[in-house]
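Note sheet for the following structure.
The values are calculated or read from the model by the stated rules, or taken from the named source; none is laboratory data. Please read all numbers here as calculations on a predicted model, not as lab measurements. Neighbour counts are summed over all protein chains in view; Cβ atoms, including those assigned to glycine, are modelled from backbone coordinates with ideal geometry.
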Amino acid sequence: MVTALRPGRGGFLRPFGLGMFIRAYLSGDDTYYGYRAADPRRGAPIEDIRAAYKNALLRAHAEDMVALAMERGIEVSVEEALRRIPHRLTKIRSHSFYRYFHHLKLLGWVEPTGEEEGSLMGGVPGARVEKTTEGTTVVEVPQPRRFYRLTARGREALEVAWSDPLQALYNYPKEQRSQKKAYPKPGSLPRSK
């Protein structure tokens, strides 16, 4: 029996998953991804986690590029490969990252430490976030950089759950979320009875 090496969905676009990276980064484990991890007690701001993820992806792609060049007999350093890789190729979009992180907060796997620092946009610690009587939220802009750390639940969560927090959050099978929808062919008209 032959097992396909290529994953069914997503291909080989990412050398490691975002969830596993966040877990390792906030737990202080910097042995695998080639970055300086956060202090587990202090945590890190979301922006720093995203920047470390982007840099770890760039380095992983550069190492793959060097290995491929060596197979072809070309001498390339990791630094040269880093300069050649377009940054847009490996970066995660900020909105996608913040949504992913929000799901981790909803699951209770990360929590704010209470530490805040001013942001480059001028956000000061203690910025106002209030719920109004109409059910809306008033947020003072810009917000400060808030530090987050792993919770005990986050450390105990399985790797499968970290790789798909939506499935862990809403507890439904992956097949239900990934169903193919039957759309009519473009340009076809519905048949009359």
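Please go through the stretch 143-162 and pick out each residue that is exposed (fewer than 14 other Cβ atoms within 10 Å of the Cβ) and over 10 Å from residue 109 (Cβ atoms). Lay out the reasoning, then the answer.
Within the stretch 143-162, the first condition is being exposed (fewer than 14 other Cβ atoms within 10 Å of the Cβ), and the residues that meet it are 152-153, 155-156, 158-160.
Matches in the stretch 143-162: 158, 159, 160.
Would you check which residues across the stretch 37-78 are of a type outside the set (A, V, I, L, M, F, W, C), assigned to a loop (DSSP other than H, G, I, E, B) and surrounded by fewer than 15 Cβ atoms within 10 Å (Cβ to Cβ) and list them?
If the condition is that a residue be of a type outside the set (A, V, I, L, M, F, W, C), assigned to a loop (DSSP other than H, G, I, E, B) and surrounded by fewer than 15 Cβ atoms within 10 Å (Cβ to Cβ), then 39, 41, 42, 72, 73, 75, 77 are the ones that fit.
I'd like the full set of residues that are on the phi < 0 side of the Ramachandran plot and modelled with pLDDT of 70 or more, limited to the stretch 130-140.
Just the residues of the stretch 130-140 that are on the phi < 0 side of the Ramachandran plot, to begin with: 130-134, 136-140.
Selection gives 130, 131, 132, 133, 134, 136, 137, 138.
Can you work out which of the residues in the stretch 147-193 that are outside any helix (DSSP H, G or I) and modelled with pLDDT of 90 or more is nearest to residue 23 (Cα to Cα)?
Only one residue fits best here, namely 150.
Is there any pair linking a residue in the stretch 56-74 that is in contact (Cβ under 8 Å) with a residue 40 or more places away in the chain to one that is in a helix (DSSP H, G or I) and buried (at least 19 other Cβ atoms within 10 Å of the Cβ), with Cβ under 6 Å and at least six apart or on different chains, and which?
Once the first residue is in contact (Cβ under 8 Å) with a residue 40 or more places away in the chain and sits in the stretch 56-74, its partners that are in a helix (DSSP H, G or I) and buried (at least 19 other Cβ atoms within 10 Å of the Cβ) give 57/90; 61/90.
How many residues are surrounded by fewer than 17 Cβ atoms within 10 Å (Cβ to Cβ) and hydroxyl-bearing (Ser, Thr, Tyr) when one looks only at the stretch 79-97?
Counting residues in the stretch 79-97 that are surrounded by fewer than 17 Cβ atoms within 10 Å (Cβ to Cβ) and hydroxyl-bearing (Ser, Thr, Tyr) gives 2.
Take residue 100 and tell me if it is modelled with pLDDT of 90 or more, in a helix (DSSP H, G or I), surrounded by 13 or more Cβ atoms within 10 Å (Cβ to Cβ) and not charged (D, E, K, R). Talk me through it step by step, then tell me what you get.
Working: modelled with pLDDT of 90 or more: yes; in a helix (DSSP H, G or I): yes; surrounded by 13 or more Cβ atoms within 10 Å (Cβ to Cβ): yes; not charged (D, E, K, R): yes.
Considered against the rule, which asks whether it is modelled with pLDDT of 90 or more, in a helix (DSSP H, G or I), surrounded by 13 or more Cβ atoms within 10 Å (Cβ to Cβ) and not charged (D, E, K, R), residue 100 comes out as yes.
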